[in-house]
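Notes follow once the structure below has been shown.
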Amino acid sequence: MEGRKLQLAGKSTFLVSLPKRWVTNAGLRAGDTLFVDTETDGSVSIRLHNAARPQVKRKTFVERGEETREHLLRKLIGAYVSGFGLIEIRFGAPSGPFVRRVAREFCRLVIGPEVIEESGSSIVIQDLSDPSELSSEKCLRRMHLTVRAMLEDAFNSVRSGNETLAHDVDLRSQDVSRLYWMVAKQYHLAHASMGDGNGGASVHGHRMIAKHLERIGEHAQKVARLGAELAATRGVDPKLLEQLDQARASAVSILDQAFNALVTRNLEAANEAIDARGEHQKLVDTLARRVAGRRGPGLLALGSIVDSLGRAAVHASEIAEEAIDLAVLTNPEPA
């Protein structure tokens with residue numbers, strides 16, 4: 001791998017030099033034409049010939065009136081994640097309303113797909129998203145900010161008994177899932193176009209991190225729902241609420257440390273996030289014992305909230321471990 005500086009020529013043209021050995025081996029001379037293309041992962045390819053873009057992958061499903069909503073929806077998401085740009089669903093007349101309803105629900109659940117053709121016996125969905133515009137790194141940054149806010153708001157809903165806030169946390173979980181499926185799709189596209197090199201390994205790491213972020217969002221969603229249950233009983237006493245807030249702040253801190261380590265490729269920061277999990281677990285264990293000694297309504301809800309705060313920190317520390325793997329993979333060896 002060789003680094004080359006980007007140069008500005010004029011007001012709007014950027015230039016980068018090509019390795020002389022590559023130019024010579026390709027038999028190129030000054031004035032020859034090269035072809036530049038943007039790949040699915042955001043990288044740029046330089047080709048000697050104007051190769052046509054690969055055809056869009058097409059997947060066809062036949063619905064014979066036996067599908068449930070969940071089964072058809074899973075198949076559509078599976079096709080999307082696997083990189084099929086066109087998805088056709090064929091069906092008999094009685095199944096038409098059902099298929100159209102699920103197809104449009106699918107388009108709302110993920111990023112990019114839109115219904116482009118529709119007839120009495122089929123519906124065609126095309127993925128219009130551009131992975132180079134919404135890279136896996138951008139998805140992870142959005143996921144981090146979203147799940148962090150969800151954790152904060154979930155605890156605020158426990159504190160205040162605000163059902164509207166709890167419902168808002170619940171709605172945002174779908175945004176996190178949409179971003180996760182986008183990262184998963186880019187993982188498959190990267191492996192299809194790049195093989196198992198460092199680029200593919202990096203996107204694989206992003207997919208694992210996205211899954212951990214999605215899990216944290218699920219725990220925030222769970223905390224918000226349980227907070228609404230507690231509000232319907234007698235709420236949480238102030239002392240226990242303060243201890244829960246400490247555990248919440250600890251989990252958010254580990255998440256921020258881990259994600260900062262990922263972005264900066266900082267091994268020391270990643271290790272600090274992993275080490276902080278031990279102290280966090282002590283907070284969670286103390287809370288679990290105090291909750292177990294309580295009586296009355298809300299006991300199960302409180303126990304589940306404590307468990308989710310513990311598991312959220314576990315997933316955050318797993319992000320730090322992935323950050324270490326990616327830092328080791330991508331950081332150059334010392335001279």
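The values are calculated or read from the model by the stated rules, or taken from the named source; none is laboratory data. Being a predicted model, the structure only gives us computed values, none of them experimental. All Cβ positions, even for glycine, are placed from backbone atoms using ideal geometry, and neighbour counts span all protein chains on display.
Points worth noting:
- Val147 meets all of the listed conditions (1) at pLDDT below 95; (2) among the hydrophobic types (A, V, I, L, M, F, W, C); (3) in the same structural domain as Ala247 (by TED's automatic domain parsing) but one, namely (1).
- Scanning segment 86-97 for residues that are touching a residue at least 24 places away in the same chain (Cβ under 8 Å) and surrounded by fewer than 20 Cβ atoms within 10 Å (Cβ to Cβ), we see that the one that is nearest to Tyr180 (Cα to Cα) is Leu86.
- Wholly enclosed helices (runs of 4 or more DSSP H) of segment 1-110 bearing at least 3 residues closer than 30 Å to Asp175 by Cα and under 26 Å from the mean Cα position of the chain (by Cα): 69-81, 96-109
- Residues (among the aliphatic types (A, V, I, L, M) and surrounded by fewer than 16 Cβ atoms within 10 Å (Cβ to Cβ)) located in segment 289-317: Ala292, Leu299, Leu300
- Within segment 119-134, the set of residues being more than 30 Å from Ser43 (Cα to Cα) and either of a type in the set (Ser, Thr, Tyr) or surrounded by 15 or more Cβ atoms within 10 Å (Cβ to Cβ) (or both) comprises Ser119, Ser121, Ser122, Ile123.
- Of the criteria (1) of a type outside the set (Gly, Ala, Ser); (2) modelled with pLDDT of 90 or more; (3) assigned by TED's automatic domain parsing to the domain that holds Arg215, which one Asn162 fails: (2)
- Search result, residues across segment 135-152 that are over 10 Å from the mean Cα position of the chain (by Cα) and either among the hydroxyl-bearing types (Ser, Thr, Tyr) or surrounded by fewer than 19 Cβ atoms within 10 Å (Cβ to Cβ) (or both): Ser135, Leu145, Thr146, Ala149, Glu152
The rows are residues; the columns are (1) of a type in the set (A, V, I, L, M); (2) outside the structural domain of His206 (by TED's automatic domain parsing); (3) under 28 Å from the mean Cα position of the chain (by Cα).
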site	(1), (2), (3)
Glu268	no, no, yes
Ala273	yes, no, yes
Ala276	yes, no, yes
Gln281	no, no, yes
Arg290	no, no, no
Gly296	no, no, no
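- Ser202 being at pLDDT 95 or above, among the polar types (S, T, N, Q) and closer than 23 Å to Leu145 by Cα: no
- Test for Arg101: is it closer than 23 Å to Val183 by Cβ, among the basic types (Lys, Arg) and outside the structural domain of Leu189 (by TED's automatic domain parsing): no
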